[in-house]
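The values are calculated or read from the model by the stated rules, or taken from the named source; none is laboratory data. A quick note: this is a predicted structure, and the numbers were derived from the prediction, not measured. FYI the Cβ positions are ideal-geometry reconstructions off the backbone, even for glycines, and counts take in every protein chain you see.
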Amino acid sequence: MRRLLWLALLAALLAGCAGTQTDPPAVSSPWPGTESVTVPALMYHHLDDAGGGSAVISEEGFHRQMDLLAAEGYAPVSLRALIDYAAGTGSLPEKPVVITFDDGYASVYERAWPILREHGFPAAVFVIGSSLGRDTYKDTGIPIIPHFGAAEVAQMAAGGMEVQSHGYDMHQTADYETGPARTDMLPLPRETEEEYEAALREDFSREAEALAACGVEEIYALAWPNGVYTDRAEELLRERGVAITFTVDGTRVNTVVRGDPESLYGLGRLNMTDDTSDETLLAYLEMTA
């Protein structure tokens, strides 16, 4: 009954923020008789005190939300810890939560990472390989929000930040491209299955090379650009050792089952901004507790 009340509260809060969400959360049920845990996942992008937009949070707002996690007894865990648990070889603390960042903005290194270290929280950042170390858009030179580079990756990795994949060049900005834009990992219009698979393989190889140049030896996690993907894309990633993937679905309850690695694919995340009230965050956390 308690969970149902929290599910109803979160649905109402999210509906009030988005104005369009009416469906109840999708709950993945564990197998009967197996050990499982629900793991909320938070999604951040860029930190900027000016705020604004659906991918920005102020440093103060981020700090407050990390303080709230600590005060409520939540224990951020690494992606490796989730993988080990799902493999049946590891354990998780009470009230686990995952903290993630998309895109690889320099502000994650400059602003978020010191706050995470202050709290002793692990986190993961999913980088766009073609933007590593850049402050201009790859081919056209248009100014973009600065992204951290290899030196920052090395420092963060040594301090508990997992640097993983958001694709190499499959999260393009349409307005900055000179031709058709691939804004996510879905097939392009009129692209054949063979062409699509070749593009996915090429992108993964280029991402692996870009991260290897920064000292990241293995890609085992990926956040789908815009949260969308195909079954074939997921199959190809699994073949290349990707053990955990994330979407942008903030209504999904992430049930991770011990001994079931399949339970790590397509995990949902709640998008975090300054507009995310403490009540909304707590409702989401309690929904998955």
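Keeping to the stretch 40-71, report how many residues are among the small types (Gly, Ala, Ser) and farther than 22 Å from Val127 by Cα.
Within the stretch 40-71, residues that are among the small types (Gly, Ala, Ser) and farther than 22 Å from Val127 by Cα number 4.
Within the set of pairs 6 or more residues apart or between chains, which connect a residue that is charged (D, E, K, R) inside the stretch 90-107 to a residue that is assigned to a loop (DSSP other than H, G, I, E, B) with Cβ atoms less than 7 Å apart?
Qualifying pairs under 7 Å: Lys95/Gly73; Lys95/Tyr74; Lys95/Ala289; Asp102/His45; Asp102/His166; Asp103/His45; Asp103/Ile128; Asp103/His166.
Residue under question is Ala157, and the condition is that it be under 27 Å from Gly268 (Cβ atoms), of a type outside the set (Val, Ile, Thr) and at pLDDT below 95; does it hold? Write out each step before concluding.
On the way: under 27 Å from Gly268 (Cβ atoms): yes; of a type outside the set (Val, Ile, Thr): yes; at pLDDT below 95: yes.
So Ala157 passes the test.
Could you please find all residues in the stretch 160-206 being in a loop (DSSP other than H, G, I, E, B), of a type in the set (S, T, N, Q), within 15 Å of Asp103 (Cα to Cα) and in contact (Cβ under 8 Å) with a residue 24 or more places away in the chain? Before the answer, list the steps.
Taking the stretch 160-206 as the starting set, the residues that turn out to be in a loop (DSSP other than H, G, I, E, B) are 160, 166-173, 177-192.
Next, from what is left, pick out any that are of a type in the set (S, T, N, Q): 172-173, 178, 183, 192.
Now restrict to residues that are within 15 Å of Asp103 (Cα to Cα): 172-173, 183.
Within the stretch 160-206, Thr173, Thr183 meet the criteria.
Would you please name the residue that is nearest to Arg182 (Cα to Cα), looking only at residues in the stretch 213-227 that are small (Gly, Ala, Ser) and touching a residue at least 60 places away in the same chain (Cβ under 8 Å)? Can you show your working first?
Narrowing the stretch 213-227 to residues small (Gly, Ala, Ser): 213, 215, 221, 223, 227.
In the following step, the residues that additionally are touching a residue at least 60 places away in the same chain (Cβ under 8 Å) were identified as 213, 215, 221, 223.
Working: Ala213: 24, Gly215: 27, Ala221: 21, Ala223: 16 Å.
Looking at residues that are small (Gly, Ala, Ser) and touching a residue at least 60 places away in the same chain (Cβ under 8 Å), I get Ala223.
Identify, by number, the condition in (1) over 14 Å from the mean Cα position of the chain (by Cα); (2) within 23 Å of Phe246 (Cβ to Cβ); (3) assigned to a loop (DSSP other than H, G, I, E, B); (4) small (Gly, Ala, Ser) that Ala157 doesn't meet.
(3)
Any idea which residue in the stretch 228-265 is nearest to Ala199 (Cα to Cα), counting only those that are free of Cβ contacts under 8 Å to residues at least 40 places away in the same chain and crowded, with 19+ Cβ neighbours inside 10 Å?
The selected residue is Leu237.
Which members of the stretch 207-240 meet the condition of being of a type in the set (D, E, K, R) and modelled with pLDDT of 95 or more?
Answer for the stretch 207-240, where residues must be of a type in the set (D, E, K, R) and modelled with pLDDT of 95 or more: Glu207, Glu209, Glu218, Asp231, Arg232, Glu234, Glu235, Arg238, Glu239, Arg240.
If I filter the stretch 270-281 down to residues being part of a helix (DSSP H, G or I) and under 19 Å from the mean Cα position of the chain (by Cα), which single residue comes out as nearest to Phe246 (Cα to Cα)?
So the residue we want is Leu281.
Under 7 Å by Cβ, and 6 or more places apart or on different chains, what pairs join a residue from the stretch 110-128 that is among the aromatic types (Phe, Trp, Tyr) with one that is assigned to a helix (DSSP H, G or I)?
Trp113/Met156; Phe121/Met66
I'm checking my understanding of the structure. Among residues of the stretch 208-227 that are of a type in the set (A, V, I, L, M) and assigned to a helix (DSSP H, G or I), which one is surrounded by the fewest Cβ atoms within 10 Å (Cβ to Cβ)?
Ala212
Restricting attention to the stretch 130-153, does a residue exist that is hydroxyl-bearing (Ser, Thr, Tyr) and within 16 Å of Tyr229 (Cα to Cα)? Outline the logic, then answer.
Of the stretch 130-153, the ones hydroxyl-bearing (Ser, Thr, Tyr) are 130-131, 136-137, 140.
Among the residues that remain, those that are also within 16 Å of Tyr229 (Cα to Cα) are: none.
Within the stretch 130-153, not a single residue is hydroxyl-bearing (Ser, Thr, Tyr) and within 16 Å of Tyr229 (Cα to Cα).
Identify the single condition in (1) closer than 22 Å to Leu186 by Cα; (2) surrounded by fewer than 17 Cβ atoms within 10 Å (Cβ to Cβ); (3) not hydroxyl-bearing (Ser, Thr, Tyr) that Gly268 does not satisfy, given that it satisfies every other one.
Failed condition: (2).
Those residues that are in contact (Cβ under 8 Å) with a residue 60 or more places away in the chain and closer than 14 Å to Gly129 by Cβ, I need them from the stretch 146-159; list them, please.
Within the stretch 146-159, the first condition is being in contact (Cβ under 8 Å) with a residue 60 or more places away in the chain, and the residues that meet it are 149-150, 153-154.
Selection gives Gly149, Ala150, Val153.
Has the stretch 201-209 got any residue that is in contact with a strand residue (DSSP E or B) (Cβ under 7 Å, 6 or more places away or on another chain) and under 18 Å from Val125 (Cα atoms)?
Checking the stretch 201-209: at least one residue is in contact with a strand residue (DSSP E or B) (Cβ under 7 Å, 6 or more places away or on another chain) and under 18 Å from Val125 (Cα atoms).
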